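Structure first, then comments.
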């Protein structure tokens, strides 16, 4: 699933005017702040409408349901993360890796409720949230592969090595935001070094995909 795609429940009913799009974007911005401080279960539609200072019907009009509203917020937040991670093409590989990982950690730190939902699946089993998570993983893997190997589409071995790394990053990041005993800079450097280890393991098995020198500069 392309994470930029939204289900019918997430798409706004009124797309025809700039005003409606601006209003929808405003509601998403409000929702991002609400859900960053409070879990999904703890917020009712009445709570959301009261804190957003809008009529509850307006949220239903644009998003059809509380879940639709939440998914729109998650899609919007994740789009920011992936856009940032995919930027910096002009940077050297090591700088791009640092930028990508730092942006990832910043997102998790400042959008903890959304991050936990994306990574752990949220309330119960939600196929769409899982699809968003899978899309984020693939986007980050492709970004790292592009910086390391000059191409986002890599063979199964290299992809699996990077995929296993990002799965480990998710677990470590969940623990970090729950117990922030390390600074973000220290956390970033740790993840960069573990990425270097993953890339060296890929190279040992398949020399056609050597670890970039910047990835091993501190190794």
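Here, each number is a calculation from the coordinates, and none is a lab measurement. Being a predicted model, the structure only gives us computed values, none of them experimental. For neighbour counting, all protein chains shown are included, and Cβ atoms are generated from backbone atoms with ideal geometry for every residue, glycine included.
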If I model a spin label at residue 22 and residue 160 as a point 7 Å from the Cα along the Cα→Cβ vector, what separation in nanometres do I get? 5.3 nm
Rg (Å, one decimal) plus Dmax (Å, integer) for the alpha carbons of the range 18-69? 10.3, 32
Dimensionless Rg over Rh [the range 140-219; C-alpha; Kirkwood]: 1.00
Among 33, 66, which comes first, second and so on when ranked by fewest other beta-carbon atoms within 10 Å? 33, 66
FRET efficiency for residue 45 and residue 106, using Cβ-Cβ distance with R0 set to 35 Å, rounded to 0.05: 0.70
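Tell me the volume per residue, in Å³, of the convex hull enclosing the alpha carbons of the range 133-186.
Values: hull volume 4.5 nm³, N = 54.
Hull volume over Cα atoms, normalised by residue count, gives 83 Å³.
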For 56, 193, what's the fewest-to-most ordering of other Cβ within 10 Å of each Cβ? 193, 56
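Relative to the compact globular guide of 2.2 N^0.38 Å, what is the alpha carbon radius of gyration of the range 73-213, as a ratio? Don't skip to the answer; put the middle values down first.
Numbers: Rg = 14.7 Å, N = 141, 2.2 N^0.38 = 14.4 Å.
Compactness ratio reported: 1.02.
Based on other C-beta atoms within 10 Å, arrange 199, 45, 187 from fewest to most. Let's see the in-between values first.
Details: 199 26, 45 14, 187 22.
Sorted ascending by nearby Cβ count, the order is 45, 187, 199.
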